[in-house]
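Chemist: Sending over a structure as structure tokens; questions will come in a sec.
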Amino acid sequence: DTDRMIVNKLAYDIGVPERFDIVVFHATESEDFIKRVIGLPGEKIEYKNDVLYINDKAYGEPYLDEYKKNLSSKTLTGDFSAVVPDDCYFLMGDNRLASSDSRVIGAIPIDKIIGKTNLVYWPISDFHFVK
């Protein structure tokens, strides 16, 4: 909540979001969110038993290992399925138990995505790259 990150606003002027990119997007008129790209346009996204399936193929999510270590429940991500509309992306927060993401607000149109981020610069004691 207190981290500050550098956002590359040019990244998607020359490319498109890729799976597992961390992006900033306009969630509302006055608020921007930071979430991870899980699903690309046209894909079927499904979680079963805390495993991500995209078009019926299982994917690992090693960036969630730290969250899973501290779980009091058995799963971090509840079961659900969705199909991503064309020209939209399915975005999810890494803190799955407390994230307002595409499971709640729906898929995000490409024109709402501001840019890509992966560098925490503040507080300076937490300076690091995010995977």
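Chemist: Determine how large the accessible area of GLU46 is when every protein chain is in place; take a 1.4 Å probe and give Å² rounded to the nearest 10.
Modeler: GLU46 exposes around 40 Å² with every protein chain in place.
Chemist: Need the C-alpha centroid separation for segment 101-127 versus segment 45-84, integer Å.
Modeler: After rounding, the separation between the Cα centres reads 19 Å.
Chemist: If you don't mind, there's one more thing I want to ask. Which option, (i) -0.58, -0.94, -1.07, -1.35; (ii) -0.46, -0.95, -1.17, -1.56; (iii) -0.40, -0.84, -1.08, -1.64, is the value of log10 I(q)/I(0) by the Debye sum over Cα atoms at q = 0.12, 0.17, 0.19, 0.23 Å⁻¹ that was calculated from these coordinates?
Modeler: Calculated log10 I(q)/I(0) by the Debye sum over Cα atoms at q = 0.12, 0.17, 0.19, 0.23 Å⁻¹: the matching label is (ii).
Chemist: Also, quick follow-up: Would you kindly derive the ³J(HN,Hα) couplings of segment 23-38 from the backbone phi angles with the Karplus curve 6.51 cos²θ - 1.76 cosθ + 1.60 (θ = phi - 60°), listing them in order in whole Hz, with x for Gly and Pro?
Modeler: So the Karplus estimates, Gly and Pro as x, are 10, 10, 9, 6, 7, 9, 4, 10, 9, 10, 10, 10, 9, 9, 6, 10 Hz.
Chemist: Taking a virtual spin label 7 Å from the Cα of LYS69 along the C-beta vector, which residues in segment 80-123 bring their backbone nitrogen under 18 Å of it?
Modeler: 94-97
Chemist: Given a cut-off of under 8 Å on Cα pairs at least six residues apart, what relative contact order in percent is computed for the chain?
Modeler: This gives 34 percent for the chain.
Chemist: Starting at the first residue of segment 68-74, write each ³J(HN,Hα) from the Karplus equation 6.51 cos²θ - 1.76 cosθ + 1.60 with θ = phi - 60°, in whole Hz, x for Gly and Pro.
Modeler: 5, 4, 9, 6, 9, 9, 7
Chemist: Moving on. As a quick test, which of the pairs LYS48/LYS131; LYS69/LYS112; LYS9/LYS131 have an alpha carbon distance above 30 angstrom in this structure?
Modeler: Checking Cα-Cα distances, LYS69/LYS112 exceed 30 Å.
Chemist: Shifting gears a bit: Once you list every other residue whose beta carbon is under 12 Å from the beta carbon of ALA58, what net charge do they have if Lys and Arg are +1 and Asp and Glu are -1?
Modeler: Within the 12 Å Cβ shell, the charges total -2.
Chemist: Any aspartates and glutamates with Cα under 14 Å of the LYS68 Cα? List them, leaving off those in the same chain fewer than 8 positions away.
Modeler: ASP50, ASP94
Chemist: So, one more: What 222 nm value per residue comes from the helices of the chain, counting each DSSP H run with n ≥ 4 as -39,500 (n - 2.57) and dividing by all residues, nearest 500 deg cm²/dmol?
Modeler: The helix contribution divided over the chain gives -1000 deg cm²/dmol.
Chemist: Right, another one. Could you pull out every residue, at least 5 positions away or on a different chain, whose amide H is within less than 5 Å of the one on LEU52? Hs are placed 1.01 Å off N in the peptide plane, and Pro or chain starts have none.
Modeler: Here TYR59 satisfy the definition.
Chemist: For segment 4-17, in order, what is each residue's ³J(HN,Hα) by Karplus, 6.51 cos²θ - 1.76 cosθ + 1.60 with θ = phi - 60°, in whole Hz (x at glycine and Pro)?
Modeler: Those phi angles translate into 10, 10, 8, 10, 8, 7, 8, 3, 9, 6, 10, x, 10, x Hz.
The values are calculated or read from the model by the stated rules, or taken from the named source; none is laboratory data. Everything quoted here is computed from the prediction, not taken from an experiment. Using ideal geometry, Cβ is built from the backbone for each residue, glycine included, and neighbour counts are taken over all protein chains shown. Ligands, DNA and RNA are stripped out before the accessible areas are found, and what is left, the full protein with its side chains, is counted by its heavy atoms. Shrake-Rupley method; radii C 1.70, N 1.55, O 1.52, S 1.80 Å.
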